[in-house]
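Right, one structure below, let's go through it.
The values are calculated or read from the model by the stated rules, or taken from the named source; none is laboratory data. It should be emphasised that the depicted structure is a prediction, and the values quoted were computed from it without experimental measurement. Using ideal geometry, Cβ is built from the backbone for each residue, glycine included, and neighbour counts are taken over all protein chains shown.
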Amino acid sequence: MRRKTFKKQRARVRRYFTWWIPRLALGAWSIDVLYQRRRDYRQEHDASANSAMTTYVDWRYLDAAIYVNVSRVHGMSDTELERAVVHELCHLMVNELRQACGRDDANDHEERVVSHLAKAFQWVRKGKLQL
């Protein structure tokens with residue numbers, strides 16, 4: 001990926017993080033968003049080829065690091081990218097429950113919950129939630 005494309009995609013991702021962090025009341029968190037190319041991302045995070053982002057959370061101190069696979073983001077629509085950003089941010093809200101749960105499949109449950117929350121937050125933002 002060329003440097004210009006990398007910068008353009010990084011700016012695209014930042015726009016969603018900048019918009020969503022305050023709206024999800026995550027302003028008290030220290031959130032580092034780190035941008036990587038595909039090869040570095042997959043090796044460092046043992047991630048699949050389809051993985052766009054990986055989040056590491058230390059909920060005790062309100063610290064998080066979100067790693068972005070910029071090569072994967074490049075092929076995503078704006079809707080997909082926004083959902084991925086919100087999905088990763090939702091991990092900050094529910095991650096501590098994984099440890100409290102003490103089950104082997106706790107990660108699967110966390111993924112389902114944050115996927116549902118991300119879609120719900122997007123629906124509310126876009127006015128698609130009819131009551």
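Structure notes:
- Restricting T5, T54 to those that are under 21 Å from E111 (Cα atoms) and in contact with a helix residue (DSSP H, G or I) (Cβ under 9 Å, 6 or more places away or on another chain) reduces the list to T54.
- Residue in region 44-62 that is free of Cβ contacts under 8 Å to residues at least 12 places away in the same chain and under 18 Å from A118 (Cα atoms) present: yes
- Listed by position, the helices (runs of 4 or more DSSP H) inside region 23-131 whose residues that are modelled with pLDDT of 95 or more number at least 2 are 78-101.
- Test: residue in region 58-71 that is polar (S, T, N, Q) and either surrounded by fewer than 13 Cβ atoms within 10 Å (Cβ to Cβ) or in contact with a Lys or Arg (Cβ under 8 Å, 6 or more places away or on another chain) (or both): yes
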